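Worksheet: the structure to be examined is printed underneath.
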Amino acid sequence: MTHELKKMVEAFITARDAGKKAVLASVVDLEGSSYRKPGVRMLIIEGGQMIGAVSGGCVEKDILRQSETVFEDGKSKMMLYDGRYRLGCEGVLYILLECFNPDKSCLDAFNQALTNRIDFTILSDYVKNEGISKGIGSSFVIKDKTFSVSGENYDQKEGAIELLQFRQDMPPCFKLMIFGTEHDAVLLCQYAALNGWEVSVVAGPLESKSIENFPGASSFFAISPDAIALERIDQETAIVLMSHNFASDLKYLIEIKDSQPAYVGLLGPAHRREKLMTQLLDYCPDITESFLGKLHGPAGLNIGAETPQEIAISILSEILTVTRDQVPLSLKEKDGGIHA
């Protein structure tokens, strides 16, 4: 969700520079089931532009209509959306609508958190009553400093009725590091970027490719394996080795062995994985079980993928199941709710 918020902040800055206001809509509570869970947000720009979504498209028009009063008077309010009679999901959404006008100090702190891959928190005070209520609103908490998203610094909670609070811990944007520059790497980069992930492509120092060859990539590095910045590999990072060169993949594995990514995918058949693992253990007999447990080869889920596009979907699907701690199965076979 951090990548969605990043896009909203970027859209806000563009709108602000054009002299337009913005309203933030946040789902802060839910009774029953819904297309998405509390913590999803969308930004409405003065004039009707919407960035993001809080549902499959059913709720957004009502949010746009309800946001008109916030644009007019600047007062935060609660909106209730009962989907039991209008949606396929039988749930009641509690949506906080508020002016979105973070000041420079907030934006600077937010950008620093993104750049340095620092966790932060969003706190939203709300009530379950529809309409305007004193004290409701959201704040970013970044490195122990609190910033109002509306840009107001005074204490709005004085005299407010008893408030509920929704807390959302925001990790760094999820990142995919692709080691390789062939056609399948280009497609994996594109698909991951569509998913909102930050994508870094790592090539050999003599590669003739550049970032222009990888639509959606955030960064491109033509470096030797020993120049990889391990401090940028964290638990919100997935790695896929797909250089199509056994020696290169082995060198990459040796260099990243002391990092702790969420996932490491090895392209190629099982016998290639076994050969890689054998030589990795020969070179690094003290390698940790924790790192070995991150290795997945052949990379991807068994969905019958054949084309490079399908293989990219297979790999991204496996990364999601691993990072979300899920066992892949058809939803029709799952007990309970989709998001349970």
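Comparison of 54, 92 shows that the only residue that is within 27 Å of residue 141 (Cα to Cα), in contact with a strand residue (DSSP E or B) (Cβ under 8 Å, 6 or more places away or on another chain), modelled with pLDDT under 90 and not charged (D, E, K, R) is 54.
Yes or no, residue by residue, for (1) closer than 23 Å to residue 165 by Cα; (2) open to solvent by less than 30 Å² (accessible area, probe 1.4 Å):
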| site | (1), (2) |
| --- | --- |
| 4 | yes, no |
| 21 | no, no |
| 27 | yes, yes |
| 30 | yes, no |
| 37 | yes, no |
| 49 | no, no |
| 61 | no, no |
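If you take the residues in segment 205-234 that are more than 20 Å from the chain's Cα centre (by Cα) and small (Gly, Ala, Ser), which one is most open to solvent (accessible area, probe 1.4 Å)? Looking at residues that are more than 20 Å from the chain's Cα centre (by Cα) and small (Gly, Ala, Ser), I get 208. Regarding segment 314-323, can at least one residue be identified that is open to solvent by 60 Å² or more (accessible area, probe 1.4 Å) and not aromatic (Phe, Trp, Tyr)? There is no residue in segment 314-323 that is open to solvent by 60 Å² or more (accessible area, probe 1.4 Å) and not aromatic (Phe, Trp, Tyr). Failed condition for residue 124, given (1) open to solvent by 40 Å² or more (accessible area, probe 1.4 Å); (2) in contact (Cβ under 8 Å) with a residue 24 or more places away in the chain, with all others met? It is condition (1) that residue 124 fails. Is it true that residue 237 is open to solvent by less than 30 Å² (accessible area, probe 1.4 Å) and under 20 Å from the mean Cα position of the chain (by Cα)? Yes. Taking the listed residues 55, 67, 76, the one that is crowded, with 18+ Cβ neighbours inside 10 Å, of a type in the set (Gly, Ala, Ser) and under 22 Å from residue 165 (Cβ atoms) is 76, with no other qualifying. Can you name the residue in segment 220-239 that is among the acidic types (Asp, Glu) and assigned to a helix (DSSP H, G or I) and is also nearest to residue 184 (Cα to Cα) among such residues? By that ranking, first place goes to 226. Within segment 299-313, the set of residues being buried (at least 16 other Cβ atoms within 10 Å of the Cβ) and either free of Cβ contacts under 8 Å to residues at least 40 places away in the same chain or charged (D, E, K, R) (or both) comprises 300, 301, 305.
The single condition from (1) modelled with pLDDT under 95; (2) surrounded by 14 or more Cβ atoms within 10 Å (Cβ to Cβ); (3) touching a strand residue (DSSP E or B) at 6+ places or on another chain (Cβ under 9 Å) that residue 134 fails is (3).
Selection over segment 291-332 of residues that are more than 16 Å from residue 269 (Cβ to Cβ) and touching a strand residue (DSSP E or B) at 6+ places or on another chain (Cβ under 6 Å) gives a count of 3. If a residue has to be surrounded by fewer than 15 Cβ atoms within 10 Å (Cβ to Cβ), part of a helix (DSSP H, G or I) and not basic (Lys, Arg) to count, how many in segment 240-278 make the cut? Adding up the residues that qualify gives 6.
Selection within segment 173-204: residues that are assigned to a strand (DSSP E or B) and touching a residue at least 60 places away in the same chain (Cβ under 8 Å). The member of this set that is most open to solvent (accessible area, probe 1.4 Å) is 198. Within segment 279-298, being assigned to a helix (DSSP H, G or I) and either open to solvent by less than 70 Å² (accessible area, probe 1.4 Å) or without any contact (Cβ under 8 Å) to a residue 12 or more places away in the chain (or both) holds for 279, 280, 281, 282, 289, 290, 291, 292.
Take residue 169 and decide whether it is at pLDDT below 95, surrounded by fewer than 17 Cβ atoms within 10 Å (Cβ to Cβ) and more than 15 Å from residue 242 (Cβ to Cβ). No: the conditions fail for residue 169. Taking the listed residues 233, 256, the one that is within 27 Å of residue 196 (Cβ to Cβ) and without any contact (Cβ under 8 Å) to a residue 40 or more places away in the chain is 256, with no other qualifying.
The values are calculated or read from the model by the stated rules, or taken from the named source; none is laboratory data. Since we're looking at a predicted model, the values are computed, not measured. Please note: Cβ atoms are built from the backbone with ideal geometry, for glycine as well, and neighbour counts cover all protein chains shown. Only protein heavy atoms, including side chains, enter the accessible area calculation; ligands, DNA and RNA are left aside. Shrake-Rupley method; radii C 1.70, N 1.55, O 1.52, S 1.80 Å.
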